[in-house]
Structures are given as structure tokens and as C-alpha cells.
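Contents: one structure, followed by commentary.
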Amino acid sequence: MSADEQVMEIALLGEEVLRRQAQAVEDFSAPDLPGFISRLKQTMLAAGGIGIAAPQVFDPRAIMIIASRANARYPDAPDMAPVVMINPKIISHSPETEKDWEGCLSVPKLRGLVPRYKSITFCYQDEQGAEQRVSWQGFLARIFQHEYDHLTGKVWLDRVESMADVIAEDVYFSRLKANL
């Protein structure tokens, strides 16, 4: 299978799958799981994303991948190896929030100022089903919360405090370039 054949269709705002609660993965030995995770990762990379959740490719499972790295959509993103998270759960978070700009592969051509917790502690299962516990802050905590929302039937637009905090992505990039 070529890399192009591995890229899956991305669900867009308005698709029902983006508004449903994801289903827990129970069978970590399912024969389709490794291939699906590989295709999910390839889809994220091909679309220039730094994270993706299974519902974004019309799959109801509670699986998400975070792979922060500098790219055209997020030029200041920190670099990290992709992390596959299955059945993630938030354990705790900071009381403080901060607003920052977010975009989404399922909400193309828009950016919004979204309030998120500054730090978060969560657990998840890795591809073998082993439990992992992690604490992140800043940008990585933001990515986690964004992708986790996809598993709960939310998109970033549900979190903006005002429509004045939503702009066209072209305007966002023009402002970003002007500030360099």
C-alpha cells in the first residue's frame, strides 16, 4: 500500500461522527488496530496536523495521536515523536487557563482563540494496552485537550468565548508573518 493509499478522508465540521462520544478500545490484539494507527498517523502527517483523533477519519474508537513538530500550520511547535494514545482520560488539570490560537483539520480555513488549561495530567493506554500516565503543560497540554475534545464530541468552536475570537486562517498567517 502506497503512502497515498494510507491517507484517509478527514471528517469536516457538520459530520455526525464529530459530535459523538468515542468508544473505548477493548481488544488490543484486533488485527486491524496496527494498520489503522499507521494510516491515522499518515493522514495526520499528510494534512500537516500535529494531532488527530480517530473520529476525524470516521472511526468511532477512542484513539488519538499527538505529534507536535514545527510545520507550515504551526511554525513554533516543539518537536516530539508521535505518541499514540488509546482510551485517554483526564486525571487533573491546573485551575489556570490561557487563550491561544487553534486550528483543526476538521474545521479548515479557520483559527480561533481557545481557552485551555495551562497544565494537565492524564492517563492512556499505549498500543499494547499498557497504562501510561503523563503531565504536560503549555502547547502540548493544549494539543492534548484539543484532540481529547474530538473523543467527547466537541470541536474547538464549542470552546471559543466569542465569535470575535474566530478568524480566517489566511488572516491568522498574515498577522503571524507581520509579527516576525
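The values are calculated or read from the model by the stated rules, or taken from the named source; none is laboratory data. On a predicted model such as this, the values are computed, not experimentally measured, just so you know. Cβ atoms come from the backbone with ideal geometry, glycine included; neighbour counts cover every protein chain shown. Just so you know, the surface numbers come from the protein's heavy atoms only, side chains and all, with ligands and any DNA or RNA stripped out. Shrake-Rupley method; radii C 1.70, N 1.55, O 1.52, S 1.80 Å.
Every residue, every condition in (1) among the hydroxyl-bearing types (S, T, Y); (2) assigned to a strand (DSSP E or B), yes or no:
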| position | (1), (2) |
| --- | --- |
| S92 | yes, yes |
| K99 | no, yes |
| R111 | no, yes |
| I120 | no, yes |
| Y124 | yes, yes |
| E127 | no, no |
| R133 | no, yes |
Legend entry - Residues of the stretch 44-55 classified as in a helix (DSSP H, G or I) and in contact with a helix residue (DSSP H, G or I) (Cβ under 6 Å, 6 or more places away or on another chain), total: 1
Inset, instruction - Only one of these is of a type in the set (G, A, S), buried (at least 21 other Cβ atoms within 10 Å of the Cβ) and either at pLDDT 95 or above or out of contact with any Gly (no Cβ under 8 Å at 6 or more places or on another chain) (or both): S92, S119, S135, S106. Name it. - result: S106
Inset, instruction - Specify which of the listed residues (A62, A70, A77, A46) is closer than 19 Å to Q128 by Cβ and of a type in the set (G, A, S). - result: A62
Inset, instruction - Give me the pairs, please: first residue somewhere in the stretch 76-101 and within 21 Å of Y124 (Cα to Cα), second residue anywhere and open to solvent by 60 Å² or more (accessible area, probe 1.4 Å), beta-carbon distance under 6 Å, and either six or more positions apart or on two chains. - result: P82/K41; V84/E127; N87/A24; H93/Y117; S94/Y117; S94/K118
Inset, instruction - Among what's in the stretch 138-171 and is open to solvent by 30 Å² or more (accessible area, probe 1.4 Å) and either assigned to a loop (DSSP other than H, G, I, E, B) or of a type in the set (S, T, Y) (or both), pick the residue that is nearest to S92 (Cα to Cα). - result: Y148
